[in-house]
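Bear in mind that the values in this text are calculations on the coordinates, not laboratory data. Small disclaimer: the values here were computed from a predicted structure and weren't measured. Here Cβ is always computed from backbone atoms with ideal geometry, including for glycine, and neighbour counts include all displayed protein chains.
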Amino acid sequence: MTEQLDTPSRPIAQDGAMAGLLGAGLVAVLFFFLDTVREEAFYTPSLLAGWLFDGAGPTHVVISTKNVLAYSGLHVILFLIAGVCLAWVFREFNDNPHFGIIYLLLYVMLVAILFGLQIAMMPDIVGAIGTWAVAAGNILASVGMFAFLLHRYPDSLASLREAWSE
């Protein structure tokens, strides 16, 4: 009887958490910078917290530690989930490159749908933040998370290229 050796695999949850924290951090730094340039530090998380938790609009923004922490906590949790899902996609690139293409296209489609939903569900909020800033945040987070996961899963890109050429 031959013994099957298990090769150690990189934990998806760990890589996903790191990717998610990176994405959340990049978005937070971008909006902190933009808010500071507008001379309203922490305006964006306070605006979003007011809309999500209190139903307040962009004319009633209360910049407070509570609002910043409440929204930031939710933001991190959502990015952790996104990071774990994206790490799973990268694992699929290695294990099954053809499905990896489908998952990659689904991810791009999901990001586009979420951006559209943001604009449709809260046009006043997105307008107060800036549509271009929201788009830049989505792109920055995606690029950062992809770059990190490409570093962690270097064979993924080769597998994807091979599957794409077939």
Test item: Cα-centred dipole of segment 12-165, Lys/Arg +1 and Asp/Glu -1 on Cβ, debye: 60
Are there DSSP H segments in the chain that both extend 20 Å or more along their axis (alpha-carbon positions) and score a mean Kyte-Doolittle hydropathy of at least 0.0? List them, or say none. 12-37, 65-95, 97-121, 131-152
Highest GNM mean-square fluctuation, the chain, Cα pairs closer than 10 Å: which of 35, 54, 124? 54
Max mean-square fluctuation residue, GNM over the chain, Cα-Cα springs under 10 Å, options 156, 64, 72: 64
Averaged over every viewing direction, what's the projected area of the C-alpha convex hull for segment 92-137? Give it in nm², one decimal, please. 3.6
Both in Å, the radius of gyration and Dmax of the C-alpha trace of the chain are 18.8, 73
Please give the Cα centre distance for segment 17-79 versus segment 141-158, rounded to the nearest Å. 26
Among 157, 51, 18, the residue whose Cα sits farthest towards the positive end of the charge dipole of the chain (+1 at Cβ of Lys and Arg, -1 at Cβ of Asp and Glu, taken about the Cα centre) is 51
Options 125, 36, 101, ranked by Cα towards positive dipole end of the chain, top entry (Cβ charges): 36
